[in-house]
Amino acid sequence: MKVILQADVDNLGHTGEVKDVADGFGRNYLLPRGYAVLADARNVRQLEHLQRLASARHNKELAGAKELADKIGKTPVSIKRQTGEGDKLFGSVNNGDIAEALTAAGITVDKRSIVLDEPIRNIGVFQVPVKVLRGVDASVKVYVIRA
């Protein structure tokens, strides 16, 4: 019996896959619980249509993410902080500060997507990576200057 999986099933497959299963397994377990539907012509056409829609949506999101990554890479930000002896900052610059500076420059980025191993504690120029979307990364140039 051929079925189209409607949910991930352990040791069988993932959502949207067409699988050949034993008649009893399909009829007594997968179909009644809603884990699968019969792979007849109508359901296969519907699955293909949904996959085309998902692919188009993914391509549109990917194009938007690449455009945003390009915009981030071209926009340097400056952050002013008070310093002490030896150009050490009073406090630090973290990913929230960088997100605020990008927002002030007209680019909205979630602070969780800015990747800082540790906060910036010195005056200088830093390249900070930003994860825009899975597989799409950018880098923003951050100038930390004296106030």
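Within the group Phe126, Phe90, which residue is of a type in the set (Phe, Trp, Tyr) and farther than 13 Å from Val140 by Cα?
Working: Phe126 fails: farther than 13 Å from Val140 by Cα.
Every option except Phe90 fails the conditions.
Return yes when Ala7 is at pLDDT 95 or above and outside the structural domain of Ile114 (by TED's automatic domain parsing) and no when it is not. Don't jump to the end; show me each part of the working.
Numbers: at pLDDT 95 or above: no; outside the structural domain of Ile114 (by TED's automatic domain parsing): yes.
Considered against the rule, which asks whether it is at pLDDT 95 or above and outside the structural domain of Ile114 (by TED's automatic domain parsing), Ala7 comes out as no.
Kindly provide the set of residues from the stretch 1-18 that are within 17 Å of Val44 (Cβ to Cβ) and not in a loop (DSSP other than H, G, I, E, B), ordered by number.
Lys2, Val3, Ile4, Leu5, Gly13, Val18, listed by residue number.
Looking at the stretch 80-142, what strands (runs of 3 or more DSSP E) fall wholly within it and have at least 1 residues that are under 15 Å from the mean Cα position of the chain (by Cα)?
Details: elements: 88-93, 120-122, 124-133.
The qualifying strands (runs of 3 or more DSSP E) are 124-133.
I'd like to know if the stretch 38-52 contains one or more residues that are part of a loop (DSSP other than H, G, I, E, B) and either modelled with pLDDT of 95 or more or assigned by TED's automatic domain parsing to the domain that holds Val132 (or both).
From the stretch 38-52, those part of a loop (DSSP other than H, G, I, E, B) are 39-40; that's our starting set.
Those still in the list that are either modelled with pLDDT of 95 or more or assigned by TED's automatic domain parsing to the domain that holds Val132 (or both) too: none.
No, the stretch 38-52 contains no residue that is part of a loop (DSSP other than H, G, I, E, B) and either modelled with pLDDT of 95 or more or assigned by TED's automatic domain parsing to the domain that holds Val132 (or both).
Identify all residues within the stretch 78-95 that are closer than 10 Å to Pro119 by Cβ and surrounded by fewer than 16 Cβ atoms within 10 Å (Cβ to Cβ); write none if there are none.
Initial filter on the stretch 78-95 (closer than 10 Å to Pro119 by Cβ): 89, 91-95.
Passing the criteria: Gly91, Ser92, Asn94.
With respect to Leu31, is the statement that it is in contact (Cβ under 8 Å) with a residue 60 or more places away in the chain and either assigned by TED's automatic domain parsing to the domain that holds Thr108 or surrounded by 13 or more Cβ atoms within 10 Å (Cβ to Cβ) (or both) true? I'd like the intermediate steps shown before the answer.
On the way: in contact (Cβ under 8 Å) with a residue 60 or more places away in the chain: no; either assigned by TED's automatic domain parsing to the domain that holds Thr108 or surrounded by 13 or more Cβ atoms within 10 Å (Cβ to Cβ) (or both): yes.
Here the answer is no, as Leu31 does not meet what is asked.
The values are calculated or read from the model by the stated rules, or taken from the named source; none is laboratory data. These numbers were taken from a predicted model, which means no experiment stands behind them. Don't worry about glycine lacking a Cβ; one is built from the backbone with ideal geometry, like all the others, and counts go over all protein chains shown.
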